[in-house]
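**Q** I have a structure I would like to understand better, so I am pasting it below and will then ask my questions one at a time.
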Amino acid sequence: MDTKQITRGAMMCAIYGLLLFLNQQTALTIETSANWLFAFPILIYTSMYGNYGGGIVSLAMILMTFLFGGFTTWFYSWSAILIGYLYGSGVYHKRSHMSNFLLTAILSIIATALIIYLWAGIFGYDVNTDFKDIVALFPTIHLRVLVFLFVIVLGTMEALAIHMVGLMICMRLKIDMVPIKPITKMLPPRWFGILSILMCVLYLFSQNVLHLSVDITDLLQVLAILDLMVLDYFGVLYFMNKVIQKSQRKWAFFAIIGAFIPIVNGIWVVAGLLDCLCGLRARQQLDSRE
């Protein structure tokens, strides 16, 4: 390790220590609201210098956590360090962005599941109390389904935050990485649209026709809701592609925010499904070339 590499490693450790200090001085606000921020110092450093240098700095950050945090901080920060290290390693070795995101999402979901299911009492969570109001709004959905969806959605959103901000920082610092695929080339697979229809039919039959066990019914409900979320995402890609084609950037905000508005996002789901089945964007690109 040369002097420049050591100096940058020390600077990243200082930034991480500052985050720990701010977390303590703000009544653990960072770890309870945005614990994914702990991932960026090691993510940046590992993206620059690879596994060996990143491993040494990661170890230094782990040791620093003993000085500036309690048990909850240890878990939040260490899980973020692991995620940042593996994501930075993926950038350094030029793995695909989808691979980095999926690995980050899996680790984030596992970390969230450990908090909710294993260490809920230690971390001060009461699942029944926290989800009481939500269960009242959706009486047809069981509590364990809501909790399971919460774990998946929260872990995925944290992974998305790390992924998007990480890419932005890497581009600003001009770190060498795999080129980002434009939205116009991110086409949904047709098989997912067919699978979505089959899933919808199976779920409807499980509610009214088939007599299945509660466990299987809950599983189908989880899969159906996750399927709708993915179609909602494909709908965002479709409308963003329309914004790009029409050169109307002012509508980009609405192309994204509409996917989060209840009832309205049904339009996004239908657009995503049609894009999967009919290849709407691929057909539009072909027409534009002609």
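**Q** How high is the relative contact order of the chain? Use alpha-carbon pairs under 8 Å, at least six apart in sequence, and give a whole percent. Mind showing how you got there, number by number?
**A** On the way: 292 pairs, mean separation 43.8, N = 290.
Relative contact order here is 15 percent.
**Q** Pairing the Cα long axis of helix 214-246 with the longest principal axis of the chain, what angle in degrees results, from 0 to 90 and rounded to the nearest 10?
**A** That helix lies at roughly 80 degrees to the long axis.
**Q** Still on this structure, please answer the following. Just to confirm the number: angle between the C-alpha axis of helix 265-278 and the first principal axis of the chain, 0 to 90 degrees, nearest 10?
**A** 80
**Q** Moving on to the next point. Specify the residue with the greatest mean-square fluctuation among GLY90, GLY155, GLY70, computed from a Gaussian network of the chain linking alpha-carbon atoms under 10 Å apart.
**A** Looking only at GLY90, GLY155, GLY70, the largest GNM fluctuation is found for GLY70.
**Q** Continuing with the same structure: Rounded to the nearest 10 degrees, what's the angle between the helix 97-113 long axis and the longest principal axis of the chain, both from Cα atoms, 0 to 90?
**A** On a 0 to 90 degree scale, this one is about 80.
**Q** In whole Hz, what ³J(HN,Hα) sequence does segment 43-53 give by Karplus (6.51, -1.76, 1.60; θ = phi - 60°), x for Gly and Pro?
**A** These are the phi-based 3J(HN,Hα) values: 4, 5, 5, 5, 4, 7, 10, x, 5, 5, x Hz.
**Q** Compute the separation of the alpha-carbon centres of segment 164-235 and segment 59-130 and state it in Å as a whole number.
**A** Spelled out, the Cα-based centre of one part sits 23 Å from the other.
**Q** Another question about this same structure. Please provide three numbers in whole Å: the alpha-carbon extents of segment 140-256 along the principal axes, with the largest listed first.
**A** Extents along the principal axes, in whole Å: 56, 29, 25.
**Q** Hey, can you find the accessible area per residue of segment 1-100 for me, probe 1.4 Å, expressed in square angstrom? It would help to have the intermediate numbers written out before the result.
**A** Values: 4670 Å² over 100 residues.
Here the residues of segment 1-100 average 47 Å² of exposed surface.
**Q** Could you state the orientation-averaged shadow area of the convex hull built on the Cα atoms of the chain, in nm² to one decimal? Before the final figure, lay out the partial values.
**A** Values: hull surface 73.3 nm².
Seen from a random direction, the Cα hull of the chain projects 18.3 nm² on average.
**Q** To the nearest 0.05, what FRET efficiency results for VAL214 and ILE56 with a Förster distance of 41 Å applied to their C-beta separation? Present the calculation step by step, with values, prior to reporting the outcome.
**A** Details: r = 50 Å, r/R0 = 1.23.
Computed FRET efficiency for VAL214 and ILE56: 0.25.
**Q** Give me the distance in nm between label points sitting 7 Å out from Cα along the Cα-to-Cβ direction at THR26 and ILE175, one decimal.
**A** For THR26 paired with ILE175, the spin-label model returns 2.2 nm.
**Q** As a test of understanding, state the convex hull volume per residue of segment 41-105 from its alpha carbons, in Å³. Mind showing how you got there, number by number?
**A** Values: hull volume 4.0 nm³, N = 65.
Hull volume over Cα atoms, normalised by residue count, gives 61 Å³.
**Q** Using a Förster distance of 45 Å, how high is the FRET efficiency between ARG95 and ALA136, based on the Cβ-Cβ distance and rounded to 0.05? Can you show the working numbers first?
**A** Values: r = 44 Å, r/R0 = 0.98.
Given R0 = 45 Å and the Cβ-Cβ separation, E is 0.55.
**Q** With all protein chains present, how much of the accessible area of the chain (probe radius 1.4 Å) comes from carbon and sulfur, to the nearest whole percent?
**A** Values: 11910 of 16630 Å².
Roughly 72 percent of what the probe reaches on the chain is carbon or sulfur.
**Q** Oh, and also: Taking every Cα atom in segment 77-144, find the radius of gyration and the maximum pairwise distance Dmax, and write them in Å.
**A** Gyration radius and largest Cα-Cα distance of segment 77-144: 16.5, 48 Å.
The values are calculated or read from the model by the stated rules, or taken from the named source; none is laboratory data. Worth saying up front: this structure is predicted, and the values here are computed from it rather than measured. Heads up, the Cβs are rebuilt from the backbone with ideal geometry, glycines too, and the neighbour counts pull from every protein chain shown. Please note that ligands, DNA and RNA were not included when accessible areas were found on the heavy atoms of the full protein model with its side chains. Shrake-Rupley method; radii C 1.70, N 1.55, O 1.52, S 1.80 Å.
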